[in-house]
Protein chains: 2
Amino acid sequence: MTFEYKLEKTCQDTKARVGEFSTPHGKVETPVFMPVGTKATVKTMTPEELREINAQIILGNTYHLYLRPGHELIEEAGGLHQFMNWDRPILTDSGGFQVFSLSDMNEITEEGVTFKSHLDGSEHFISPERSIEIQEALGADIIMAFDECPPYEADQDYVKDSLEMTTRWLERCIEQHQRQDQALFGIMQGGMYQELRKESARQIVEFDLPGYAIGGLSVGEPKEEMLEVLDYAPDLLPEGKPRYLMGVGTPFDLFEGVMRGVDMFDCVFPTRVARNGAVFTSQGRITIRNATYKRQFIPMDPECDCYVCQNYTRAYIRHLIKQKEVLGIRLTTYHNLYFLTNLMDNIRESIKNDEFLDYRAEFYQKYGIKQEKN
Amino acid sequence: MTFEYKLEKTCQDTKARVGEFSTPHGKVETPVFMPVGTKATVKTMTPEELREINAQIILGNTYHLYLRPGHELIEEAGGLHQFMNWDRPILTDSGGFQVFSLSDMNEITEEGVTFKSHLDGSEHFISPERSIEIQEALGADIIMAFDECPPYEADQDYVKDSLEMTTRWLERCIEQHQRQDQALFGIMQGGMYQELRKESARQIVEFDLPGYAIGGLSVGEPKEEMLEVLDYAPDLLPEGKPRYLMGVGTPFDLFEGVMRGVDMFDCVFPTRVARNGAVFTSQGRITIRNATYKRQFIPMDPECDCYVCQNYTRAYIRHLIKQKEVLGIRLTTYHNLYFLTNLMDNIRESIKNDEFLDYRAEFYQKYGIKQEKN
């Protein structure tokens with residue numbers, strides 16, 4: 001079966017699990033971190049470099065691609081894979097989140113969302129049907145249902161009404177969706193309210209979809225609140241389907257999400273901070289722009305075996321970043337993405353060997369993360 | 001001998017010639033185009049990519065590196081090769097040209113040049129001795145004498161006095177220069193005046209240096225005037241030494257320079273225009289940003305066998321450039337540099353096979369260059 005999820009092993013001490021999800025463009029080993037390729041490119045990287053760092057699957061943003069260059073053009077190119085020359089799996093979001101967070105204004109009705117482009121102010125309308133239509137044109141392996149993602153401040157009544165509309169929108173997405181070579185994932189909402197999370201999960205699980213996402217987190221809430229929701233939310237979703245936590249991806253988030261049963265992650269954080277010269281190292285995050293690195297002729301992370309750390313020094317990369325040289329942000333981006341994909345490789349290995357908690361403790365200790373709970 | 005130039009073959013119909021210049025970091029086959037790596041990086045490119053496109057030697061700018069990150073830091077890193085992780089030959093200029101063209105103000109005396117940094121207005125002084133000191137710290141294989149490059153508008157008296165000072169400066173450079181693993185090239189000046197070019201050449205050739213440059217061209221003069229100077233200038237330099245035409249490098253310039261006996265070229269043009277989306281193709285230069293390429297799902301140059309043209313379409317690259325995505329300027333830069341290094345490979349081959357004029361005629365015809373002479 002094309003979109004089969006095979007659960008291979010669950011950690012004996014935690015809910016962390018290793019599995020494999022099949023797509024038309026190949027298998028994805030989970031848990032997995034997905035680099036974000038907003039505008040049909042993971043910023044600064046070639047597809048070959050993404051392969052080098054073992055990126056198994058990348059994400060494209062429907063909102064951006066719909067506006068520029070337009071989904072019809074990408075369809076004409078043969079789909080997003082061919083357009084950007086990436087032959088491994090792709091996931092596209094529904095456009096909903098960006099409509100709410102980026103567009104100049106919007107009106108949400110049962111029918112869909114009217115908004116003005118953040119680029120030129122032009123007016124657009126996206127409904128569940130339209131989102132699926134666009135995503136079918138883009139041709140990703142995994143596509144997401146069009147949902148409403150309420151802000152952190154939303155009260156319980158709003159969140160309840162919203163999640164129910166999201167379920168009705170999901171039904172319309174399923175109705176619209178025709179392509180057999182795409183898996184449509186549903187999205188659980190419900191904000192920080194356990195009862196509402198349960199209700200949302202109950203409603204969307206009924207559709208027996210090939211995968212499910214946990215939406216509405218990392219929307220401004222304190223980290224502890226996110227973890228509280230993650231303490232129970234993944235369990236509300238079927239064990240036999242992949243669980244995708246949207247928009248989350250620091251090393252801490254990955255460990256804590258995996259430990260609670262999450263399989264898929266995406267986040268612009270590692271690539272965005274890289275462009276400001278912030279890089280992950282096994283000893284914690286450092287800002288390579290800082291004067292302290294000016295004469296350090298050692299790798300960014302002396303323990304890292306990536307191309308960047310094997311070939312360039314802190315002093316050189318600092319010089320490039322300070323001088324706004326493109327090679328600088330290429331190297332920091334490459335390293336940060338490698339750091340996370342490699343971390344995930346290690347996490348999968350540790351789960352297989354029943355050493356996940358040890359690996360986490362060791363990583364946290366070196367990285368300087370205070371370990372709050374087990 | 002370390003810096004031997006071996007003249008291998010001279011074209012039977014023109015002064016075009018093929019040779020080989022040995023340096024401590026390997027041999028350079030001439031004629032050669034040298035990509036410019038102003039700030040210890042050929043903009044957007046890794047050293048591996050430079051190797052892929054067969055860049056044999058690159059250029060570094062002494063003025064920029066002296067200001068940022070400073071030559072002492074680069075010396076501490078083990079020299080420019082090690083700092084930027086490039087193990088093939090490097091040439092550094094003397095800093096003179098940038099002092100005159102970039103710095104905020106300057107005073108030229110017999111002793112040297114006082115100028116204010118274009119970055120922070122700080123005052124600096126560079127003399128022939130200082131230029132050599134900096135270039136010894138950078139550690140390039142080929143270093144250039146500190147010269148004055150008068151503007152196109154300079155009158156004959158000024159140019160005459162200037163070239164004589166340049167000769168005295170050359171003598172001081174030779175006096176200062178200690179490193180045996182660096183070849184110091186002298187620079188011919190003399191503006192557009194044949195008598196002064198002869199005089200300059202006569203003076204500098206007396207020092208029996210391992211190579212010579214033709215300076216003071218591409219400083220604003222009409223192309224025909226440059227070609228007029230090139231009709232006789234290379235002949236004023238010894239046949240047994242490489243001849244380097246500074247700051248020149250369109251496809252037309254390369255053909256016309258080679259035809260007149262030039263061996264080495266450098267120019268920021270191919271990389272600078274690439275960042276604005278202008279790319280060389282075998283049918284002439286195109287501006288990939290233009291709307292006409294929006295739906296063209298063919299390579300930038302269908303006849304090109306470079307990585308970019310084998311993997312990406314005009315439509316995709318146009319999208320990236322329009323969206324200011326770094327990958328866009330990576331791909332246009334890569335292609336343009338490949339176009340020139342590959343052109344030079346073909347030119348060398350054509351000289352060896354006594355087909356240079358045929359190759360030039362064929363290239364010009366397709367590229368759309370009106371062939372003025374020969």
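Go through (1) within 27 Å of B:Gly211 (Cα to Cα); (2) surrounded by fewer than 24 Cβ atoms within 10 Å (Cβ to Cβ); (3) more than 14 Å from chain A (Cβ to nearest Cβ) one by one and return the number of the condition B:His81 breaks. Checking B:His81 against (1) within 27 Å of B:Gly211 (Cα to Cα); (2) surrounded by fewer than 24 Cβ atoms within 10 Å (Cβ to Cβ); (3) more than 14 Å from chain A (Cβ to nearest Cβ), the one that fails is (3).
Restricting attention to region A:54-66, the residues that are over 30 Å from A:Arg348 (Cα atoms) and either within 10 Å of chain B (Cβ to nearest Cβ) or open to solvent by less than 10 Å² (accessible area, probe 1.4 Å) (or both) add up to 3. Run A:Pro210 past the list (1) open to solvent by less than 10 Å² (accessible area, probe 1.4 Å); (2) in contact with a strand residue (DSSP E or B) (Cβ under 6 Å, 6 or more places away or on another chain) and report the number of the one that doesn't hold. Every condition holds for A:Pro210 apart from (1). Among all positions in region A:303-315, there is at least one residue which is at the interface with chain B (Cβ under 9 Å from one of its Cβ atoms) and either among the aliphatic types (A, V, I, L, M) or free of Cβ contacts under 8 Å to residues at least 12 places away in the same chain (or both). Residues of region A:327-374 that are of a type outside the set (Val, Ile, Thr) and assigned to a loop (DSSP other than H, G, I, E, B): A:Asn353, A:Asp354, A:Glu355, A:Gly368, A:Lys370, A:Gln371, A:Glu372, A:Lys373, A:Asn374.
Where in region B:92-174 are there strands (runs of 3 or more DSSP E), lying fully within it, with 2 or more residues that are within 24 Å of B:Gly70 (Cα to Cα) and open to solvent by 10 Å² or more (accessible area, probe 1.4 Å)?
Details: elements: B:106-108, B:113-116, B:123-126, B:142-144.
Ranges flagged: B:106-108, B:113-116, B:123-126.
The number of residues in region A:219-267 being in a helix (DSSP H, G or I) and basic (Lys, Arg) comes to 1.
Touching a helix residue (DSSP H, G or I) at 6+ places or on another chain (Cβ under 7 Å) and within 18 Å of A:Gly249 (Cβ to Cβ) - does that describe any residue in region A:313-328? Looking through region A:313-328, none of the residues is touching a helix residue (DSSP H, G or I) at 6+ places or on another chain (Cβ under 7 Å) and within 18 Å of A:Gly249 (Cβ to Cβ).
Of all residues in region A:41-66, those that are over 14 Å from A:Leu91 (Cβ atoms) have Cβ atoms under 8 Å from Cβ atoms of residues that are part of a helix (DSSP H, G or I) and of a type in the set (D, E, K, R), 6 or more apart or on another chain, in A:Lys43/A:Arg275; A:Thr44/A:Arg275; A:Thr44/A:Arg330; A:Thr44/B:Arg330; A:Met45/A:Arg330; A:Thr46/B:Arg330; A:Asn54/A:Asp345.
In the set (1) more than 14 Å from every other protein chain (Cβ to nearest Cβ); (2) open to solvent by 10 Å² or more (accessible area, probe 1.4 Å); (3) touching a Cys at 6+ places or on another chain (Cβ under 9 Å); (4) free of Cβ contacts under 8 Å to residues at least 60 places away in the same chain, the condition left unmet by B:Phe339 is number (4). Tell me which of these A:Asp87 doesn't satisfy, since it passes every other one: (1) of a type outside the set (S, T, N, Q); (2) more than 14 Å from chain B (Cβ to nearest Cβ); (3) open to solvent by 20 Å² or more (accessible area, probe 1.4 Å). The one condition A:Asp87 does not meet is (2).
Note on region A:14-25: residues that are β-branched (Val, Ile, Thr) and surrounded by fewer than 23 Cβ atoms within 10 Å (Cβ to Cβ) total 2. For region A:272-282, the count of residues that are within 10 Å of chain B (Cβ to nearest Cβ) and surrounded by fewer than 24 Cβ atoms within 10 Å (Cβ to Cβ) is nonzero. Across region A:286-302, the qualifying residues are those that are in contact (Cβ under 8 Å) with a residue 24 or more places away in the chain and among the basic types (Lys, Arg), and the one among them that is surrounded by the fewest Cβ atoms within 10 Å (Cβ to Cβ) is A:Lys294. Of all residues in region A:175-207, those being over 22 Å from the mean Cα position of the chain (by Cα) and either open to solvent by 60 Å² or more (accessible area, probe 1.4 Å) or free of Cβ contacts under 8 Å to residues at least 24 places away in the same chain (or both) number 11. In region B:201-246, the qualifying residues are those that are over 26 Å from B:Thr23 (Cα atoms) and among the hydroxyl-bearing types (Ser, Thr, Tyr), and the one that is modelled with the lowest pLDDT is B:Ser218. Taken as a whole, the condition of being at pLDDT 95 or above, away from chain A (no Cβ under 13 Å) and open to solvent by 30 Å² or more (accessible area, probe 1.4 Å) applies to B:Asp345.
The condition of being surrounded by 16 or more Cβ atoms within 10 Å (Cβ to Cβ), under 30 Å from B:Thr10 (Cα atoms) and under 25 Å from the mean Cα position of the chain (by Cα) does not hold for B:Arg330. Residues in region A:26-36 that are buried (at least 19 other Cβ atoms within 10 Å of the Cβ) and touching a helix residue (DSSP H, G or I) at 6+ places or on another chain (Cβ under 7 Å): A:Pro31, A:Val32, A:Phe33, A:Pro35, A:Val36.
Find the residue count for region A:67-77, including only residues that are in contact (Cβ under 8 Å) with a residue 60 or more places away in the chain, closer than 16 Å to B:Tyr312 by Cα and open to solvent by 10 Å² or more (accessible area, probe 1.4 Å).
In the first step, residues of region A:67-77 are kept if they are in contact (Cβ under 8 Å) with a residue 60 or more places away in the chain; the result is A:71-72, A:74-75.
Next cut, closer than 16 Å to B:Tyr312 by Cα only: A:74-75.
Next, only the ones that are open to solvent by 10 Å² or more (accessible area, probe 1.4 Å) stay: A:75.
Here the count works out to 1.
State whether the residues of region B:316-323 include one that is surrounded by fewer than 21 Cβ atoms within 10 Å (Cβ to Cβ), within 14 Å of chain A (Cβ to nearest Cβ) and at pLDDT 95 or above. Steps first, please.
To start, the set of residues in region B:316-323 that are surrounded by fewer than 21 Cβ atoms within 10 Å (Cβ to Cβ) comprises B:322-323.
Adding the requirement that they be within 14 Å of chain A (Cβ to nearest Cβ) leaves B:322-323.
Now drop any that are not at pLDDT 95 or above, which leaves B:322-323.
Among the residues of region B:316-323, at least one is surrounded by fewer than 21 Cβ atoms within 10 Å (Cβ to Cβ), within 14 Å of chain A (Cβ to nearest Cβ) and at pLDDT 95 or above, which makes the answer yes.
Going through (1) within 19 Å of the chain's Cα centre (by Cα); (2) within 30 Å of B:Glu239 (Cβ to Cβ) one by one, B:Phe363 falls short only on (1). Scanning region B:242-256 for residues that are in contact (Cβ under 8 Å) with a residue 40 or more places away in the chain, open to solvent by less than 10 Å² (accessible area, probe 1.4 Å) and in contact with a helix residue (DSSP H, G or I) (Cβ under 8 Å, 6 or more places away or on another chain) returns B:Gly249, B:Pro251, B:Leu254, B:Phe255.
The values are calculated or read from the model by the stated rules, or taken from the named source; none is laboratory data. All of these numbers come straight from a predicted model, not from anything done at the bench. All Cβ positions, glycine included, derive from the backbone under ideal geometry; neighbour counts span all protein chains shown. Please note that ligands, DNA and RNA were not included when accessible areas were found on the heavy atoms of the full protein model with its side chains. Shrake-Rupley method; radii C 1.70, N 1.55, O 1.52, S 1.80 Å.
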